[in-house]
1. Compute the angle between helix 32-41 and the longest alpha-carbon principal axis of the chain, please, reported from 0 to 90 degrees and rounded to the nearest 10.
2. What do you get for the angle between helix 110-120 and the principal long axis of the chain? Use alpha-carbon atoms, 0 to 90 degrees, nearest ten.
3. Return F9, F39, F79 ranked ascending by Cβ neighbour count within 10 Å, so the fewest neighbours appear first.
4. Take the alpha carbon atoms of segment 22-44, find their center, do the same for segment 83-156, and report the distance between the two centers in whole angstrom.
5. Measure nothing but the geometry: give the 0 to 90° angle between the long axis through the Cα atoms of 125-148 and the longest principal axis through the Cα atoms of the chain, rounded to 10°.
6. Under a point spin-label approximation (7 Å from Cα along Cα-to-Cβ), what is the V27-R86 distance to one decimal in nm?
7. Between D11 and I138, what's the calculated FRET efficiency when r is the beta-carbon distance and R0 is 25 Å? Round to 0.05.
8. Among L59, L70, L114, whose mean-square fluctuation peaks in a Gaussian network model of the chain (Cα, cutoff 10 Å)?
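Computed from the coordinates by the stated procedures, all read-outs in this text should not be read as laboratory data. Source: prediction; values computed, not measured. Glycine also receives a Cβ, built like all others from the backbone with ideal geometry; neighbour counts cover every protein chain displayed.
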Amino acid sequence: MDGTVLEFFKDYGYLGMGVLSFLSGTVVPITSEVLLVFFLNLGLNAIGITLVATLGNTLGGVTCFLMGYLTTKERAQKFFKISDKRMKRADKLIQKYGYWAAGVSFVPIFGEALLVTLGVMRVDRYKVIAVMAAGKLIRYAFITASYTGLSSFFDF
């Protein structure tokens, strides 16, 4: 890659990671994990880029949650063409695990649908956001530590 392009990515890497991880946290099909490794490979600070990726992806998840929160079960069911049987199953799942289900919202496609469902079901938004952010942070920290090595992850 040309040196100018690499300098551009280094200069705007944190902002770029934030925006792209936000989009990845919504319904836009972007793989933020690959981008995280790309930005780490450029030499950006491991903790900084991990925190930026977590923040952006969490804000994207909040967007999905709000999409569900701002509608009703009936509208969501009609819009997404969800059968009564599937809606009842989702309702049972949310009743069983509640806001803890948000901990796995980083799973592609399933995670976004899960967050919309949590919003539709009116699960406590503060708990959903806290558990969602923790799950996303753990995922990004694991990827970063796996890529850079555990000692480099804590290198300030």
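1. Helix 32-41 sits at roughly 10 degrees to that axis.
2. Taking Cα atoms only, the helix is inclined about 50 degrees.
3. Details: F9 16, F39 24, F79 10.
Going from least to most buried by this count: F79, F9, F39.
4. Distance between centres, Cα-based: 17 Å.
5. 30 degrees
6. 1.3 nm
7. Numbers: r = 29 Å, r/R0 = 1.15.
The calculated FRET efficiency here is 0.30.
8. Result: L70 has the largest fluctuation of those listed.
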